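So the structure is just underneath, and the comments pick up after that.
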Amino acid sequence: MPNRVTELHSIMPIENMISVLEHGILSHDRVAALPHSDVSLASVQAKRAHKTIPNGLKLHQYANLYFHARNPMMFIRKNEADNLCILRISNQVINLEGVVLSDQNAASDYVRFLSPTDYQQINFDWVYADDWTDPNQITHWQKSSAKCAEVLVPDVVAPQHILGAYVVSEEAELKLKQRGFVQSISINKHLFFR
């Protein structure tokens, strides 16, 4: 794995933190049984519901993490930043059994699902680029999707893999602490497009 993959990210409503600290970051199918706040897009979830990973599980049976959370999903939710956090997840989850990587948003029609040993097929220059705009519309779409490359973990990312969190403000930090979050919290407005 490239040296720049120092951690993975999960965009999470602060409201969910008590549940996350107890149960971990759950797959779409597993979290459906629990009360929770959802920031995902219904149109994207509808596409994900019909996908199965080759030689793997249904896409909704994986907990999904981003390589980098300053991506189109966060851009869409930037006005909700005061109620969100970005969980910092140990990059060691990539070594867990059954983990699959996607070279772009897993809902994409053009996504490739990869073994962690095939990580070099991911365009990490695009994943970690500060933005994804491009004068060529097709390249713009490709960069946008690549920014959302994922690490797919079967069922759950256990709480012990959570290293800390990023928030947009001191107010968001306080909200997170009030929900029992004791790991390191850093204010990073840039990740939230502020």
If the Cβ limit is 9 Å and pairs must be 6+ apart or interchain, which residue in segment 1-22 that is within 13 Å of VAL39 (Cβ to Cβ) pairs with which residue that is part of a helix (DSSP H, G or I) and among the acidic types (Asp, Glu)? PRO13/GLU80; ILE14/ASP82
I need every pair where a residue in segment 109-138 that is more than 22 Å from PRO154 (Cβ to Cβ) has its Cβ under 7 Å from the Cβ of a residue that is buried (at least 16 other Cβ atoms within 10 Å of the Cβ) and hydroxyl-bearing (Ser, Thr, Tyr), sequence separation at least 6 or different chains. TRP132/SER144
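Of everything in segment 141-155, what is under 17 Å from PHE67 (Cα atoms), of a type in the set (A, V, I, L, M, F, W, C) and either without any contact (Cβ under 8 Å) to a residue 60 or more places away in the chain or surrounded by fewer than 16 Cβ atoms within 10 Å (Cβ to Cβ) (or both)? Give them in sequence order.
ALA146
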Contact list, first residue from segment 156-185 and modelled with pLDDT under 95 and crowded, with 16+ Cβ neighbours inside 10 Å, second anywhere and aromatic (Phe, Trp, Tyr) and part of a loop (DSSP other than H, G, I, E, B), beta-carbon distance below 9 Å, six or more apart or interchain, is none
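The values are calculated or read from the model by the stated rules, or taken from the named source; none is laboratory data. What you see is a predicted model, and the numbers here were worked out from it, not measured in a lab. Every residue, glycine as well, gets a Cβ built from its backbone with ideal geometry; the counts of neighbours run over all protein chains shown.
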